[in-house]
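Take a look at the structure set out below.
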Amino acid sequence: MNKGSLWPWIIAGALAIHVVASLVVVFVATSNPSYAVEEDYYQKALHWNDKRAQDRTNEELGWILNLTVRPAATPGEQPTLEVHLADAGGEPVDGAVVAVETFHNAHANDILRASLDAVGEGVYRTTLPMRHNGRWEMRFTVDRGQEHFTHAETRHLYVERGR
């Protein structure tokens, strides 16, 4: 072997180590279940003015959305999400279509979606397969006729008994 023939192998080896290390880092970063990217983040950014207009509409409507989550009564059942919806005067908002999308902050890539059933005056309910106690983000949309209301809330929830 010539005296200078070792350098190309050292350079090629260093480049190969760099490529393999980069691929390992990308794999570890993207295979983590808590890694998530906001859905349609680019479209949401483009429509920021629409979101601000909806915020003003929410204020004008003055609707109040109170939520409770009851843990499953027995193992194998799902926690129950219940929403009480009232207008600015405290009167129940009936006849609305209420939908939710929610996720645990440590598992933000696992988004749960459901429509809530009307069960009483201004009361809407559903069950969701929520499996982790902790911080949950909940995003609601409420439609009644031409009225459209949105509400987002982050709350620490206990959805599993005995933990």
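Quick note: the coordinates plus some simple rules give every number you see, no bench work behind them. Please read all numbers here as calculations on a predicted model, not as lab measurements. Heads up, the Cβs are rebuilt from the backbone with ideal geometry, glycines too, and the neighbour counts pull from every protein chain shown.
Which residue fluctuates the most in the chain, going by a Gaussian network model with Cα springs under 10 Å, if the choices are Thr74, Thr102, Thr126? Result for the chain, Cα springs under 10 Å: Thr74 fluctuates most. Here the calculated FRET efficiency for Ile11 and Glu39, from their Cβ-Cβ distance with R0 = 30 Å, stands at 0.10, rounded to the nearest 0.05.
Taking a sphere under 13 Å around the Cβ of Arg135 and counting the other residues whose Cβ falls inside, with K and R at +1 and D and E at -1, yields a net charge of -1.
Counted by neighbouring Cβ atoms within 10 Å, the residues Leu15, Leu67 run from fewest to most as Leu15, Leu67. Spin-label pair Ala99-Ala53: with each label point 7 Å from Cα along the Cα-Cβ axis, the two points sit 1.9 nm from one another. Over the chain, DSSP H runs of length four or greater, each weighted -39,500 (n - 2.57), average out per residue to a 222 nm ellipticity of -9000 deg cm²/dmol. Fully extending the segment from Ala118 to Arg144 would add 8.1 nm, taking 0.36 nm per residue of separation and subtracting the current Cα-Cα distance. In the set (i) 19.3; (ii) 16.0; (iii) 16.6, the label that goes with Kirkwood radius over Cα pairs in Å computed for this structure is (i). Extension gain, Asp110 to Ser31: 0.36 nm times the residue separation minus the Cα-Cα distance gives 27.1 nm.
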